[in-house]
1. For the range 209-311, which strands (runs of 3 or more DSSP E) that fit wholly inside it have 1 or more residues that are in contact with a Phe, Trp or Tyr (Cβ under 8 Å, 6 or more places away or on another chain)?
2. Which condition does His274 not pass, out of (1) over 21 Å from Ser196 (Cβ atoms); (2) touching a residue at least 24 places away in the same chain (Cβ under 8 Å), if it passes all the others?
3. Would you confirm, using the coordinates I've provided, whether Gly197 is in contact with a strand residue (DSSP E or B) (Cβ under 8 Å, 6 or more places away or on another chain), among the small types (Gly, Ala, Ser) and surrounded by fewer than 20 Cβ atoms within 10 Å (Cβ to Cβ)?
4. List the pairs whose first member sits in the range 36-48 and is free of Cβ contacts under 8 Å to residues at least 40 places away in the same chain, whose second member is among the acidic types (Asp, Glu) and part of a loop (DSSP other than H, G, I, E, B), and whose Cβ atoms are under 9 Å apart, counting only residues at least 6 apart or on separate chains?
5. Can you tell me which of Gly172, Gly186 is of a type in the set (Gly, Ala, Ser) and either modelled with pLDDT under 85 or not assigned by TED's automatic domain parsing to the domain that holds Ser298 (or both)?
6. Quickly run through the range 280-296 and pick out the residues that are modelled with pLDDT of 90 or more and of a type in the set (Asp, Glu).
7. Any chance you could count how many residues in the range 219-265 are under 15 Å from the mean Cα position of the chain (by Cα) and either of a type in the set (Phe, Trp, Tyr) or surrounded by fewer than 17 Cβ atoms within 10 Å (Cβ to Cβ) (or both)?
Amino acid sequence: MPIPVQTTPPDSRTSYIIDQLEGERITIPGSKGVFRILASEKQTGDSIAVFQSGAVLSDAPGFHWHNEAHDVFLCTKGFIKLWNGDKCRILGPGDFAYIPPVSIRPHLPANWVDFFRYVSEPYDGILAPATDDRDLRALLVPKVIAAKDRFDVHFVRDPTFANMGPRWMVGGVLSRPFLRAAHVEGRFAISSIESSGKYPAGAAALARWFTFPAWITAFGLLRIKLKGQAEWDSVREGQTVVLSAGETFTLDFGSRFVRAFSFTNGPGIEEVIHEAGAQVEHVVLPDEVGEVDQEKFSKACETLGVTIEAL
């Protein structure tokens, strides 16, 4: 059976696809923006939360920090102003920023996203409430004060930046890791995975079965198949696919250029590429690529504990 395409996340841990601009859609009154929750504690076993946000030009809710939650920002369209004390960094499409928690504890909750549910209201409009002129701060401040300890959101000026720039490649698959699992005690990883459907079959590093949880947003045509499934599912630009823990899958690249943002609970594809491939200097996909060293690839997966099987 194909992976189901849904407008909101399901109530249990399973694999699914969320269509472009869909998800659990909520808005902070007066913010002129919308949050689209794609995965949270019900779908990930309280391990990670993933959501998109979009807005017309608007003010941010305020400076804050977290005791336990890791804040990551990946700009896909438009621009985001991200403040660090009295300094502002403007993120454009493809830019990434990471803000670590004040103290890293054994448990990383996914339900901190409930803060957004708490201060927001459901949104059923088209894109964003561009004409909502309610006073954002007057509405938000009382709830922010009440939410400080309940949701691990503390409004104080102290974010920091980190951006991982190097690139690794194996066969015809390029990884630009924004955040490797090694940087956050193995908790999660975020990377841009890029390839082309024009590369020959011998360069298909991902032409095998993998087993690890992942959340993938695609640009271009990414094809995915679950083990035991006869047909490929197509994940197109703007869609997000959530693969449940323990689900076995394989990937294929169906257009001239495919870029997929991969979020994994622990190390994922980016770490395999790092170990099985080599660091590269070029910033775009090369015209020609070599074949995959299968022995090195298998050894890298074994070392990382990533389960693979031949197709």
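The values are calculated or read from the model by the stated rules, or taken from the named source; none is laboratory data. Worth saying up front: this structure is predicted, and the values here are computed from it rather than measured. Please note: Cβ atoms are built from the backbone with ideal geometry, for glycine as well, and neighbour counts cover all protein chains shown.
1. Once the strands (runs of 3 or more DSSP E) in the range 209-311 are filtered for at least 1 residues that are in contact with a Phe, Trp or Tyr (Cβ under 8 Å, 6 or more places away or on another chain), what remains is 214-219, 222-226, 240-243, 248-253, 258-264, 278-280, 307-310.
2. Among (1) over 21 Å from Ser196 (Cβ atoms); (2) touching a residue at least 24 places away in the same chain (Cβ under 8 Å), His274 violates only (1).
3. yes
4. Arg36/Glu22; Lys42/Asp11
5. Gly186
6. Within the range 280-296, Asp293, Glu295 qualify.
7. The total comes to 5.
Residue by residue, here is whether (1) outside the structural domain of Asp135 (by TED's automatic domain parsing); (2) hydroxyl-bearing (Ser, Thr, Tyr); (3) under 15 Å from Gln239 (Cα atoms); (4) not in a loop (DSSP other than H, G, I, E, B) holds:
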| position | (1), (2), (3), (4) |
| --- | --- |
| Pro29 | no, no, no, no |
| Arg36 | no, no, yes, yes |
| Ser47 | no, yes, no, no |
| Ser53 | no, yes, yes, yes |
| Val72 | no, no, no, yes |
| Trp83 | no, no, no, yes |
| Ile90 | no, no, no, yes |
